[in-house]
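Student: After the structure tokens below, expect a handful of questions from me.
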Amino acid sequence: MSKVSGATVSKYQRKSTFDAQAFLDTTGVSRKIAEFRRGEAIFRQGDPSEQIFYIQKGSVKLSVLNNVGKEAVVAVLEPDEFFGEGCLTGLPFRMATATAITPSRLLAIEKVEMIRALHAEHALSDRFISYMLTRNIRLQEDLVDQLFNSSEKRLARTLLLLARYGKEGKPQKMVPKVSQEMLAEMVGTTRSRVNFFMNKFRKLGFIKYNGGLHINTSLLSVVLHD
């Protein structure tokens with residue numbers, strides 16, 4: 001962990017939709033600001049599960065390791081997303097490893113503080129539960145995608161998710177720097193297949209490299225095509 005500083009949160013402003021920053025302004029909730037370098041582990045699979053994290057800046061991957069040492073990326077998270085929520089359900093250990101993909105700034109909230117706030121603010125807990133259910137639905141969609149779609153479609157969907165396609169506001173045209181090895185782990189294929197499809201997408205104008213990886217929303221046609 002590169003730098004940690006203390007902070008105290010002020011007041012939660014009720015809104016009709018879930019607002020993560022307003023959530024973090026709940027009266028009495030203490031938090032810490034932690035900064036991580038690219039490639040730095042935030043926590044590892046098997047570590048004690050004692051905090052929940054909120055991403056202010058950067059991006060984070062969640063990965064799991066099986067008993068023969070094979071790693072699989074299960075999620076890539078962006079700003080305004082929470083992770084590490086398993087501690088709220090009583091899980092004593094982390095079920096995955098969280099790693100900063102880019103330099104990241106996170107808010108770390110102690111489990112007991114988060115539980116106290118959720119019990120004290122019913123409107124707050126309703127919104128948080130709704131947020132977590134929405135994210136879990138996305139993870140289920142990822143699993144269905146993994147089971148039933150071709151590697152080309154899975155790669156296209158992964159790139160669109162990294163570009164935050166379908167979220168509030170305009171999608172990002174340039175996605176966080178992600179290696180082809182990591183994309184292969186996320187998609188469940190080989191790096192050579194990822195390289196083949198990335199070249200194909202580039203030739204078709206769906207993506208381009210210009211100071212970074214730019215995603216055109218026309219890439220959606222690959223996902224929708226039967």
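Student: Which condition number in (1) modelled with pLDDT under 85; (2) closer than 18 Å to A184 by Cα; (3) not aliphatic (A, V, I, L, M) is the one that S125 fails?
Tutor: Only one criterion is unmet by S125, namely (2).
Student: Among the numbered conditions (1) surrounded by fewer than 16 Cβ atoms within 10 Å (Cβ to Cβ); (2) touching a helix residue (DSSP H, G or I) at 6+ places or on another chain (Cβ under 8 Å); (3) free of Cβ contacts under 8 Å to residues at least 60 places away in the same chain, tell me where L91 comes up short.
Tutor: (2)
Student: Just the residues that are touching a strand residue (DSSP E or B) at 6+ places or on another chain (Cβ under 7 Å) and open to solvent by 30 Å² or more (accessible area, probe 1.4 Å), please, taken from segment 105-149.
Tutor: Answer for segment 105-149, where residues must be touching a strand residue (DSSP E or B) at 6+ places or on another chain (Cβ under 7 Å) and open to solvent by 30 Å² or more (accessible area, probe 1.4 Å): R105, E110, K111, E113, L139.
Student: Now, a different point. Among all residue pairs at least 6 apart or on different chains, which show Cβ distances below 7 Å where the first residue, located in segment 100-122, is more than 21 Å from K57 (Cβ to Cβ) and the second is part of a helix (DSSP H, G or I)?
Tutor: From segment 100-122, the pairs are K111/C87; K111/L88; I115/L88; A117/L124; L118/L124; L118/S125; L118/F128.
Student: Considering E71, E50, E35, which residue is among the acidic types (D, E), open to solvent by 80 Å² or more (accessible area, probe 1.4 Å) and at pLDDT 75 or above?
Tutor: One residue alone meets the criteria, E50.
Student: Quick one: in segment 53-65, of everything that is of a type in the set (A, V, I, L, M) and within 14 Å of R94 (Cα to Cα), which residue is most open to solvent (accessible area, probe 1.4 Å)?
Tutor: So the residue we want is L65.
Student: Here's a follow-up. So, of the residues in segment 177-214 that are aliphatic (A, V, I, L, M), at pLDDT 85 or above and touching a strand residue (DSSP E or B) at 6+ places or on another chain (Cβ under 8 Å), which turns out to be farthest from E71 (Cα to Cα)?
Tutor: I207
Student: Could you tell me whether any residue of segment 152-173 is more than 21 Å from the chain's Cα centre (by Cα) and open to solvent by less than 70 Å² (accessible area, probe 1.4 Å)?
Tutor: yes
The values are calculated or read from the model by the stated rules, or taken from the named source; none is laboratory data. Since we're looking at a predicted model, the values are computed, not measured. Glycine also receives a Cβ, built like all others from the backbone with ideal geometry; neighbour counts cover every protein chain displayed. To get the accessible areas, we keep the full protein, side chains included, count just its heavy atoms, and leave off ligands, DNA and RNA. Shrake-Rupley method; radii C 1.70, N 1.55, O 1.52, S 1.80 Å.
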